[in-house]
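The values are calculated or read from the model by the stated rules, or taken from the named source; none is laboratory data. Predicted model only: the values in this text are computed from it and were never measured. So basically every Cβ, Gly included, is an ideal-geometry build from the backbone, and we count neighbours across all protein chains shown.
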Amino acid sequence: MLEQLKRLPTGIAGLDQLLKGGLVAGASYIVQGRPGSGKTILANHLSFNHARNGGKVLVVSLLSESHERLFQYLSTLEFFNPNRIGDQIQFVSAFDTLENEGLEEVVKLLRREISRQKATVLVVDGLLNARTKADSQLDTKKFIGELQGHAAFAGCTVLFLTSARLDDGSPEHTMVDGVIEMGEELIGTRSVRRIQLRKTRGSGALSGVHECVITDHGLVVYPRLESLYSHPTRPDPQDRQMIGSGSPSLDALIGGGLVRTSATIIMGPPGSGKTSLGIQFLAEATPDAPGLLFGFYESPPLLLLKAAALEFDFESMERNGALHIAWQPTTQGLLDGHGARLLEMVDTHGVKRVLIDSLGGMSRVCTNPARLGDFFSALIGELRGRGVTVLCTCEMQGMLGPALGLPTPDLASVVDNIFLLRLVENPSELTRTMTILKVRDSVYDPAPLEAVIGSRGLHFIKTSRSSEPVLTNTVSSTRN
């Protein structure tokens, strides 16, 4: 049986997920990144969380910046508690000792303070200053090694903060057990913070680059969803129980309804009825099997009005717990943040039906389109494992005609059902049609259906209209 290393939780949920439970207790880590990348926030967020749980923290600065200035900045963050300073968290400046007496005296000072404070976490801010005071690489190794040895003997976990981007072969990297790198990247006009575990000696971790933000709560880390749920945390249900789609006429065409825990995409141009069909789907939710509308383009008041126009009382459903609405503008947020929020709401409210309106809105905040396929595959797989039936809307580029497009080509093979809504231009009128493109493991009729929006949403009827004008007009409009 493998021995499990003792962990020291950081209290920063996403970071602990990356670290598979937290830092290795008694180990040493470098947190590196250029100024403003969030190193100090990470270290202090961890320190105050550790103190709140009964630990003792020693924060040592090798910088010339005063602690009063640091406290002024930290006071804007919720984790900061000045009542813990001086008792559970001790802040010490070793700048003058470093400048006047050198590295050896700094080591002696820290040894005394670790013992006196009975510290279980040591934060050393300003490793770059210590490096500049060293006469050689050997002196740098000696400084880190002596601190590590005493801290490990005292059962103390160490964080070294540095603004230098140290190479993998640097003396500092070779000495420590882990390296956490923080950075910030400008993508278009957006600034995105990132975090990466570059080294985790003797410990499992989620590799790669992950996104993070600094909020009023402190540091929030969002592990890449496809790395966090590369395999669903729960197995897929084995039964093929059917549930209503919200449209009786559609249910009759696909064998009685949607398979429970299946995933469906409704594609179509603006105004074709995608959200209306999604509203019908959510209208089947109950307090025992709640629904969640996870939307991007329409605010909750507008959605309630739209539902009311279709004769669905979503306000009452919200009051009795049958429905929950989450809205996030497409102008802000992170892709993995949206995924984490969606899964959290599913767990919190016991959600069994989810409408994602729309996939395009969720994709807009993605900073790396190449990972969209893996992201949606992991998200849908995890929702399916949690017993959720998913319906997603996806907007097509063209207003008229059959042009198809998904956020990622792989998505068609991930989902179980694909329905295509279109606006068909006939000689004398514009009509809505719906074509069933895919129903996994079921017989279905792919012939176009006429879609009529009326009382209680969309109704589908077989039509004998020819689709030839649609194709003709599409070619014509493309040439123009």
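Where residues in region 308-337 are in contact (Cβ under 8 Å) with a residue 40 or more places away in the chain and surrounded by 14 or more Cβ atoms within 10 Å (Cβ to Cβ), which of them is farthest from Lys352 (Cα to Cα)? So that I can check it myself, show each step before the final result.
Start the filter on region 308-337 by keeping residues that are in contact (Cβ under 8 Å) with a residue 40 or more places away in the chain, which leaves 310-312, 323, 334-337.
Next cut, surrounded by 14 or more Cβ atoms within 10 Å (Cβ to Cβ) only: 310, 312, 323, 334-337.
Numbers: Leu310: 22, Phe312: 19, Leu323: 10, Leu334: 24, Leu335: 22, Asp336: 21, Gly337: 21 Å.
Step by step, filter region 308-337, then rank; the result is Leu334.
This table checks each residue for (1) part of a helix (DSSP H, G or I); (2) of a type in the set (A, V, I, L, M, F, W, C); (3) over 17 Å from Arg7 (Cα atoms); (4) at pLDDT below 95.
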| residue | (1), (2), (3), (4) |
| --- | --- |
| Tyr29 | no, no, no, no |
| Gly36 | no, no, yes, yes |
| Ile41 | yes, yes, yes, no |
| Asn44 | yes, no, yes, no |
| Ser47 | yes, no, no, no |
| Val60 | no, yes, yes, no |
| Glu65 | no, no, yes, yes |
| Glu68 | yes, no, yes, yes |
| Phe80 | no, yes, yes, no |
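Any idea which of (1) touching a helix residue (DSSP H, G or I) at 6+ places or on another chain (Cβ under 8 Å); (2) surrounded by fewer than 23 Cβ atoms within 10 Å (Cβ to Cβ); (3) β-branched (Val, Ile, Thr) is the one Ile254 doesn't satisfy?
(1)
The conditions are (1) surrounded by 15 or more Cβ atoms within 10 Å (Cβ to Cβ); (2) of a type in the set (Gly, Ala, Ser); (3) in contact with a strand residue (DSSP E or B) (Cβ under 8 Å, 6 or more places away or on another chain), and Ser207 fails exactly one of them. Which is it?
Looking at each condition in turn, Ser207 falls short on (1).
Filter region 143-174 down to residues that are part of a helix (DSSP H, G or I) and either free of Cβ contacts under 8 Å to residues at least 24 places away in the same chain or aromatic (Phe, Trp, Tyr) (or both) and give me whichever is surrounded by the most Cβ atoms within 10 Å (Cβ to Cβ). Write out each step before concluding.
Narrowing region 143-174 to residues part of a helix (DSSP H, G or I): 143-153, 171-174.
Among the residues that remain, those that are also either free of Cβ contacts under 8 Å to residues at least 24 places away in the same chain or aromatic (Phe, Trp, Tyr) (or both) are: 143, 149, 153.
On the way: Phe143: 24, Gly149: 13, Phe153: 12.
Residue satisfying both the conditions and the ranking: Phe143.
Take region 111-142 and flag every residue that is of a type outside the set (Asp, Glu) and in a loop (DSSP other than H, G, I, E, B).
Here is the first cut: in region 111-142, the ones of a type outside the set (Asp, Glu) are 111-112, 114-124, 126-134, 136-138, 140-142.
Lys118, Ala119, Thr120, Gly126, Ala134, Ser136, listed by residue number.
Check whether at least one residue in region 94-104 is in a strand (DSSP E or B) and closer than 22 Å to Thr120 by Cα, and report yes or no. Full working, then the answer.
Going through region 94-104, the residues in a strand (DSSP E or B) turn out to be none.
There is no residue in region 94-104 that is in a strand (DSSP E or B) and closer than 22 Å to Thr120 by Cα.
Mind checking whether some residue in region 350-367 is out of contact with any Pro (no Cβ under 8 Å at 6 or more places or on another chain), free of Cβ contacts under 8 Å to residues at least 12 places away in the same chain and over 23 Å from Thr435 (Cβ atoms)?
No, that holds for no residue.
Any idea which residue in region 1-40 is surrounded by the fewest Cβ atoms within 10 Å (Cβ to Cβ), counting only those that are under 18 Å from the mean Cα position of the chain (by Cα) and at positive phi? Explain how you work it out, then say what you get.
Quick first cut of region 1-40, residues under 18 Å from the mean Cα position of the chain (by Cα) only: 11-21.
Then keep just the ones that are at positive phi; that gives 11, 20-21.
On the way: Gly11: 19, Lys20: 14, Gly21: 18.
Per the criteria, the residue is Lys20.
When residues of region 1-27 are filtered for being under 22 Å from Leu147 (Cα atoms) and either in a helix (DSSP H, G or I) or not basic (Lys, Arg) (or both), how many remain? Spell out the reasoning first.
Taking region 1-27 first, the residues under 22 Å from Leu147 (Cα atoms) are 5-10, 22-27.
Remaining after also requiring either in a helix (DSSP H, G or I) or not basic (Lys, Arg) (or both): 5, 8-10, 22-27.
Final tally of qualifying residues: 10.
Let's see how each residue does on (1) closer than 20 Å to Val220 by Cβ; (2) of a type outside the set (A, V, I, L, M, F, W, C):
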position	(1), (2)
Leu18	yes, no
Ile30	no, no
Gly36	yes, yes
Lys39	yes, yes
His50	yes, yes
Val60	no, no
Tyr73	yes, yes
Thr76	yes, yes
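Based on what the data block shows, is Gly373 at pLDDT 95 or above and part of a helix (DSSP H, G or I)? Explain how you work it out, then say what you get.
Working: at pLDDT 95 or above: no; part of a helix (DSSP H, G or I): yes.
For Gly373, the condition - at pLDDT 95 or above and part of a helix (DSSP H, G or I) - is not met.
Please verify whether Val106 is in contact (Cβ under 8 Å) with a residue 60 or more places away in the chain and either buried (at least 21 other Cβ atoms within 10 Å of the Cβ) or hydrophobic (A, V, I, L, M, F, W, C) (or both), treating the condition exactly as stated. Even if it seems obvious, please write down each step before you answer.
Details: in contact (Cβ under 8 Å) with a residue 60 or more places away in the chain: no; either buried (at least 21 other Cβ atoms within 10 Å of the Cβ) or hydrophobic (A, V, I, L, M, F, W, C) (or both): yes.
Answer is no for this residue.
Hey, any hits in region 216-224 for a residue that's surrounded by fewer than 17 Cβ atoms within 10 Å (Cβ to Cβ), out of contact with any Leu (no Cβ under 6 Å at 6 or more places or on another chain) and not assigned by TED's automatic domain parsing to the domain that holds Leu258? Give the derivation first.
Residues of region 216-224 surrounded by fewer than 17 Cβ atoms within 10 Å (Cβ to Cβ): 216-217.
From the residues that got through so far, the ones that are out of contact with any Leu (no Cβ under 6 Å at 6 or more places or on another chain) too are 216-217.
Narrowing further to those that are not assigned by TED's automatic domain parsing to the domain that holds Leu258: 216-217.
Among the residues of region 216-224, at least one is surrounded by fewer than 17 Cβ atoms within 10 Å (Cβ to Cβ), out of contact with any Leu (no Cβ under 6 Å at 6 or more places or on another chain) and not assigned by TED's automatic domain parsing to the domain that holds Leu258, which makes the answer yes.
Name the residues in region 376-414 that are in contact with a strand residue (DSSP E or B) (Cβ under 8 Å, 6 or more places away or on another chain), at pLDDT below 90 and in a helix (DSSP H, G or I), would you?
Leu411, Ala412
Based on this model, can you work out whether Ala43 counts as among the small types (Gly, Ala, Ser) and under 22 Å from the mean Cα position of the chain (by Cα)?
Working: among the small types (Gly, Ala, Ser): yes; under 22 Å from the mean Cα position of the chain (by Cα): yes.
Yes, satisfied.
Within the bounds of region 50-70, is there any residue that is surrounded by 14 or more Cβ atoms within 10 Å (Cβ to Cβ), in the same structural domain as Thr120 (by TED's automatic domain parsing), of a type in the set (A, V, I, L, M) and touching a Cys at 6+ places or on another chain (Cβ under 9 Å)?
yes
Return yes or no: is Gly246 buried (at least 19 other Cβ atoms within 10 Å of the Cβ) and in a loop (DSSP other than H, G, I, E, B)? Can you show your working first?
Working: buried (at least 19 other Cβ atoms within 10 Å of the Cβ): yes; in a loop (DSSP other than H, G, I, E, B): yes.
The answer is yes for Gly246.
Test of understanding: among Thr261, Thr233, which residue is surrounded by fewer than 15 Cβ atoms within 10 Å (Cβ to Cβ) and in a loop (DSSP other than H, G, I, E, B)?
Of Thr261, Thr233, the one residue that is surrounded by fewer than 15 Cβ atoms within 10 Å (Cβ to Cβ) and in a loop (DSSP other than H, G, I, E, B) is Thr233.
Can you tell me which residue is farthest from Leu282 (Cα to Cα) among those in region 343-360 that are surrounded by 23 or more Cβ atoms within 10 Å (Cβ to Cβ) and touching a Phe, Trp or Tyr at 6+ places or on another chain (Cβ under 9 Å)?
That would be Ser358.
Residue check: is Asp177 surrounded by fewer than 21 Cβ atoms within 10 Å (Cβ to Cβ) and either of a type in the set (Ser, Thr, Tyr) or over 30 Å from Ile114 (Cα atoms) (or both)? Even if it seems obvious, please write down each step before you answer.
On the way: surrounded by fewer than 21 Cβ atoms within 10 Å (Cβ to Cβ): yes; either of a type in the set (Ser, Thr, Tyr) or over 30 Å from Ile114 (Cα atoms) (or both): no.
No.
Could you tell me which numbered condition Ser363 fails, if it satisfies all but one of (1) closer than 24 Å to Ala13 by Cβ; (2) surrounded by fewer than 21 Cβ atoms within 10 Å (Cβ to Cβ); (3) of a type in the set (Gly, Ala, Ser)?
Against the list (1) closer than 24 Å to Ala13 by Cβ; (2) surrounded by fewer than 21 Cβ atoms within 10 Å (Cβ to Cβ); (3) of a type in the set (Gly, Ala, Ser), Ser363 comes up short only on (1).
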